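Report on the structure given below.
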Amino acid sequence: MTTADASTARPEWRNAKRVVVKIGSALLVDRVSGRLRATWLNSIADDVADLVADGREVVLVSSGAIALGRHVMGLAKGALELEQSQAAAAVGQISLASAWQDVLRTRGLTAAQVLLTLGDTEERRRYLNARRTMDTLLAHRVIPVVNENDTVATTEIRYGDNDRLSARVASMMSADCLVLLSDIDGLYTAPPAADPNARRLDVVTAVTPEIEAMAGDAGSELSKGGMVTKVAAARIAMGSGCHMVITSGKVLHPLMAISAGAPCTWFLAPSDPVTARKRWIAGNLEPRGTVEIDAGAEKALASGKSLLPAGVRRVDGDFDRGDAVIIRNPAGREIGRGLIAYGSIDATRILGKKSSEIAEILGHSGRAELIHRDDMALAPV
Ligand code: GLU
């Protein structure tokens, strides 16, 4: 076993009380045989037991259902149709959950299977319900083993990748740290296989367009997510005040390796606390539209003001009152998200207008603000 030398780990890891760990299919399932990689699985179970013994709460987000199931069903080769992957997930999820149950039980830990769909983290009532359940499991020292409910999640209602799912879970659970175990030890300035000058970043403090450009696209055969979904996960996690780390899962005991200062990329969340409501807006709602604001409104928002119709140049999308929308600055960059007080038809009619004109234009009075500051989460810059 790797010896943990806590003195070399970052404080964000040392002090993390609640940790979400995402484990990809390629780490858990052997590509050729389609079987679980038992030695590796046991090594990570050791790590989880060590973290729990150290007083941490651990949530696992484990992929592998489809990868396991497709072999059993004789669908090992080629791309799968949606219904084939859903069927494969139904077969594989049983083995996956049972494998986790076995390796955790032998270490004195209880596993719980939690299957989520997109709506469980998007819709506030279901989100609160899922959170309460998981909180109860953690309070009883049970390890939730989460996966997407692939069998019922169709194209429109699925995450499709466990990178973003794990970030939503981390945000929902107000986790301190999200670990993405990957086949690469972090985010590089360029694809390391193609560019000898590629350099791994140690720390990222904001997901800028430059960082997004570095992500490229590197999905492997077994896992859905490449760097693109990992950077998207970082945006969700950081927006919720949760630090995220990408590190290699190719070693045995990858979590103890983090404690020992293994190479990785840390995405550090800003230290100022955000309210639960803002977290939810920033990280958990699928935006239904976009509002593009002018430079004056951008300044006003940065100084903590609400968004008025007068500061909006353009509205896109088909949304209802109360839906989440993306707020873009005049350069087209996403600067935040918010719950909009008007549906798309009314919003389009009042954009650029003074709030005092709203009643006359719409024939009924409404809120003076298009997006109230309490309903708005600005991206960290
Ligand atoms: N939920 C999928 C599975 O368990 C994995 C998605 C992913 O690879 O990110 O097979």
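Of note:
- All conditions in (1) in contact (Cβ under 8 Å) with a residue 24 or more places away in the chain; (2) more than 13 Å from residue 63 (Cα to Cα); (3) buried (at least 16 other Cβ atoms within 10 Å of the Cβ) hold for residue 93, with the sole exception of (2).
- Taking the listed residues 107, 141, 126, the one that is within 28 Å of residue 14 (Cβ to Cβ), more than 15 Å from the ligand (Cβ to nearest atom), of a type outside the set (Val, Ile, Thr) and out of contact with any strand residue (DSSP E or B) (no Cβ under 8 Å at 6 or more places or on another chain) is 107, with no other qualifying.
- Hits in region 115-166 - residues which are among the polar types (S, T, N, Q), modelled with pLDDT under 85 and in contact with a Lys or Arg (Cβ under 8 Å, 6 or more places away or on another chain): 121
- Restricting attention to region 100-113, the residues being crowded, with 20+ Cβ neighbours inside 10 Å and either in a helix (DSSP H, G or I) or of a type outside the set (A, V, I, L, M) (or both) number 3.
- Single condition residue 265 does not satisfy, out of (1) at pLDDT below 85; (2) under 28 Å from residue 45 (Cα atoms); (3) surrounded by 16 or more Cβ atoms within 10 Å (Cβ to Cβ): (1)
- Taking region 294-381 and the helices (runs of 4 or more DSSP H) fully enclosed by it, the elements with 3 or more residues that are buried (at least 18 other Cβ atoms within 10 Å of the Cβ) are at 295-302, 344-350.
- Only a single item in (1) over 21 Å from residue 250 (Cβ atoms); (2) under 25 Å from the mean Cα position of the chain (by Cα); (3) surrounded by fewer than 20 Cβ atoms within 10 Å (Cβ to Cβ); (4) not aliphatic (A, V, I, L, M) is not met by residue 10, and it is number (1).
- Enumeration of residues in region 45-57 that are buried (at least 22 other Cβ atoms within 10 Å of the Cβ) and within 13 Å of residue 177 (Cα to Cα): 57
- Where helices (runs of 4 or more DSSP H) sit wholly within region 114-201, those with at least 3 residues that are surrounded by fewer than 20 Cβ atoms within 10 Å (Cβ to Cβ) occupy 124-139.
- Pick from region 76-88, criterion among the aliphatic types (A, V, I, L, M) and more than 15 Å from residue 147 (Cβ to Cβ), ranking: nearest to the ligand (Cβ to nearest atom): 80
- Tally, over region 144-172, of residues that are of a type in the set (D, E, K, R) and away from the ligand (no atom under 14 Å from the Cβ): 1
- Qualifying position, being basic (Lys, Arg) and within 28 Å of residue 243 (Cα to Cα), among 314, 337: 337
- Region 31-75, subset under 17 Å from residue 254 (Cβ atoms) and assigned to a loop (DSSP other than H, G, I, E, B), residue farthest from the ligand (Cβ to nearest atom): 54
- Pairing residues of region 354-369 that are closer than 14 Å to residue 341 by Cα with residues that are surrounded by 12 or more Cβ atoms within 10 Å (Cβ to Cβ) and of a type in the set (Phe, Trp, Tyr), at Cβ distances under 9 Å and at least 6 apart in sequence or on separate chains, gives 358/342; 362/342; 366/342; 367/342.
The values are calculated or read from the model by the stated rules, or taken from the named source; none is laboratory data. Being a predicted model, the structure only gives us computed values, none of them experimental. As a convention, Cβ positions derive from the backbone with ideal geometry for all residues, glycine included, and neighbour counts pool all protein chains shown.
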